[in-house]
1. Go through (1) part of a loop (DSSP other than H, G, I, E, B); (2) crowded, with 20+ Cβ neighbours inside 10 Å; (3) of a type outside the set (A, V, I, L, M) one by one and return the number of the condition Asp515 breaks.
2. Given the criteria modelled with pLDDT under 70, farther than 30 Å from Lys556 by Cβ and open to solvent by 20 Å² or more (accessible area, probe 1.4 Å), does Gly332 qualify?
3. How many residues does the range 337-362 contain that are open to solvent by 80 Å² or more (accessible area, probe 1.4 Å) and β-branched (Val, Ile, Thr)?
4. Counting only residues that are exposed (fewer than 14 other Cβ atoms within 10 Å of the Cβ) and outside any loop (DSSP other than H, G, I, E, B), which one in the range 603-616 is modelled with the lowest pLDDT?
5. From the residues in the range 395-445 that are among the basic types (Lys, Arg) and outside any helix (DSSP H, G or I), which one is surrounded by the most Cβ atoms within 10 Å (Cβ to Cβ)?
6. In the range 363-394, what residues are of a type in the set (A, V, I, L, M, F, W, C), surrounded by 17 or more Cβ atoms within 10 Å (Cβ to Cβ) and part of a loop (DSSP other than H, G, I, E, B)?
7. Arg539: modelled with pLDDT of 85 or more, part of a helix (DSSP H, G or I) and either more than 18 Å from Ile469 (Cα to Cα) or open to solvent by 60 Å² or more (accessible area, probe 1.4 Å) (or both), yes or no?
Amino acid sequence: FRRRGCNVISPHDLPFRLMEDGFGKTDGFYETHKLYQAFLDLVADQIDGIMIIGAFGCHPDAFENQYFLERARARGLPAWVLKYDEQSSSTGFITRYETILGFLEQRRDQRVGRSSSHSPSSPARSPAAGSRCNSASHGIVQSDPVHSDTAPVDAPSTGGVSLDTLHALPTPDRLPVLVWPHMSPILDVVFEELLHQAGLSGVAAPPAPLSTDAIEVGNFKFAESCCPYALTTGSLILSVRKVLQAAKSDGRARRIVLLQGRGDGPCTYGWYARMQRDELPRVFARELASGGHTIEMLTLGGAGLLDFVGPLAAIGRVDRLAPLVEIARIAGQPGGLRVLPWQKRRRLMREIWTMVHPRRGVLTATAMAKLRALEEVHARTLIVRAHERARGATTAVWRRVCGQMHDVHTLPEIARVRARGLAAVGAIDQDDEVKPRVLVVGEIYVVLASFANRGTVDTLLGREGIEVIEGTTLLDYIESALAGMRRTALVGRIRPLADAATGGAVSFEAPPNFDRWASPFVLHSLGGDGRHSVSAARRAVERLDIDGIVHLYPFKCMPETMAKTALSEIAQLYGVKYLPLDFDKELDIQRLRTEVSTLAGMLKIQLEQRGVSDAPTQRRAAREEGRRRRRLGATLDRMMAGARAS
């Protein structure tokens, strides 16, 4: 473009102070998103077109490229996305450049003509303006049409009602309905229990199960994004459809409240809630307008507790949610909880702990008890399914236990369902053969959502005679989040004293290699669940009797792609099999069956080579192999300690 006489400008050509205000106002987590949006808004009226540069296979680009394309076009700017990979040929791109340049020259002529007609005198021009065509260029980028001055050219009609109006309509006369995306039967049971204890079960709409329809409707946009985005979006769309169908039968308008987590990156989970919040009102624009319905999203994560709990408190049991609303309100003010008198702060924290204690909390005790009970029963089914004589017997018991757990709401009842479930699983007719055992790790949604992994965990591995241990569980996820919250609270109490004593010389950031199980294979955060996958794999290899690692993740998932190298290294070093399986939006599972069957054959040959033919022999071999692996692990730890010391 420069060789053809164009002025080209990128956000890195400008001082940040020019974009700082827009950067701070942009609703998003990613630095690229905030920087490029501020840049686009700053220069939009001084350029003739925008080139959006992306990397092929980059998951953030899967959202940001399309986002900024729409945002630029909503501003009336011609915009193009160019994606690059490692190919060196540029012939196709040169052809596109020539075509694009023609459009830019037309745009320049229109802009210069408008400038001349609107201002008799010569206007002051920025360095980027001139008689030549001006082009803005930036890397990974996208657009936010909902908040743009004009609607995107491809946005569906809302029947004369703007999307902002749909969000702003008053809602007291509307029947509230809570909707969340499906992940697994365990999550649905646990979440429904939380809503029950909060007095919200009457307005909860259990999510539509994942299916082929969920993938098809959820993949209508941002098609290059990972499959968890398509599946959660599809689940929400199908669930909202059910709500709107019910509204037709009784004629009452609905206030549809979407409940979603809010990721803080660097995984693209940080884009999910933002895109779903903006796109779903467009998908249902006509139905919302004609029926008087509204749709909104509440997100939980980061600092959004008040925004999440506040509206729910007005719908459910105010007495149980009020302390959460109060502490969220205070925490969001300047100075936070530290400005309160210590007596009031102590009383408020005691009330919160009474609400949310994992084992005794009024809101959370039964939900956490259900989570532990269901994960214990599920873990047992993953072992027994490899031995069941009647195919499907284990799955039938598991579904029955989930249904029974849904109907109870006290700790004694939950304990009885758990005990009966474990007894029922133990009573399944099984063989007494020695079977190989694998650990399953990976991105949490693909691991836990059976449809997302096409039944690999709950069906295929067991049918091939492989016992399964889950290294990625919902309980792990929650407990790690709680540990982070406890650490943050502790740091909040210690930091003022340490800063006063040392002048701020002490850092309270978690060290990059704080998890010894992940070291030395991973020394830094990988984003998403990548580091946890590595840590869980090494721990299981040394502490549990596993013969292989099965790694499940979305196609092109960058955190898990980085973890893949470390997991392969662990498998080679300790002498276990490793099978990485990536999942996109394809529905054919023949390839998957072949790979799982091949793994099963390799594991059985490995057992035969070790001379393991009966249970006593297997136990002796496992003890000896475990001692060998732990010695190897101790050697690694000593080497790592020596490297740190040097």
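1. Checking Asp515 against (1) part of a loop (DSSP other than H, G, I, E, B); (2) crowded, with 20+ Cβ neighbours inside 10 Å; (3) of a type outside the set (A, V, I, L, M), the one that fails is (2).
2. Details: modelled with pLDDT under 70: yes; farther than 30 Å from Lys556 by Cβ: yes; open to solvent by 20 Å² or more (accessible area, probe 1.4 Å): yes.
So Gly332 passes the test.
3. 1
4. The residue in question is Ala615.
5. Our first condition is that a residue be among the basic types (Lys, Arg); within the range 395-445, this holds for 399-400, 416, 418, 420, 435, 437.
Now restrict to residues that are outside any helix (DSSP H, G or I): 435, 437.
Details: Lys435: 19, Arg437: 21.
Here the answer is Arg437.
6. First, the residues of the range 363-394 that are of a type in the set (A, V, I, L, M, F, W, C): 363, 365, 367-369, 371, 373-374, 377, 379, 382-384, 386, 390, 393.
Of the ones still in play, those that are also surrounded by 17 or more Cβ atoms within 10 Å (Cβ to Cβ) are 363, 365, 367-369, 371, 373-374, 377, 382-384, 386, 393.
Leu363, Ala386 - these are the residues of the range 363-394 that are of a type in the set (A, V, I, L, M, F, W, C), surrounded by 17 or more Cβ atoms within 10 Å (Cβ to Cβ) and part of a loop (DSSP other than H, G, I, E, B).
7. Values: modelled with pLDDT of 85 or more: yes; part of a helix (DSSP H, G or I): yes; either more than 18 Å from Ile469 (Cα to Cα) or open to solvent by 60 Å² or more (accessible area, probe 1.4 Å) (or both): yes.
So Arg539 fits the description; yes.
Let's see how each residue does on (1) at pLDDT 95 or above; (2) closer than 21 Å to Gln197 by Cα; (3) under 29 Å from the mean Cα position of the chain (by Cα):
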{"residue": "Val397", "(1), (2), (3)": "yes, no, no"}
{"residue": "Cys402", "(1), (2), (3)": "yes, yes, yes"}
{"residue": "Val425", "(1), (2), (3)": "yes, no, no"}
{"residue": "Asp429", "(1), (2), (3)": "yes, no, no"}
{"residue": "Asp432", "(1), (2), (3)": "no, no, no"}
{"residue": "Leu439", "(1), (2), (3)": "yes, no, yes"}
{"residue": "Glu443", "(1), (2), (3)": "no, no, yes"}
{"residue": "Val457", "(1), (2), (3)": "yes, no, yes"}
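The values are calculated or read from the model by the stated rules, or taken from the named source; none is laboratory data. Quantities reported herein were computed from a predicted structural model and do not represent experimental measurements. So basically every Cβ, Gly included, is an ideal-geometry build from the backbone, and we count neighbours across all protein chains shown. In case anyone asks, the SASA skips ligands and DNA or RNA and just uses the protein heavy atoms, side chains included. Shrake-Rupley method; radii C 1.70, N 1.55, O 1.52, S 1.80 Å.
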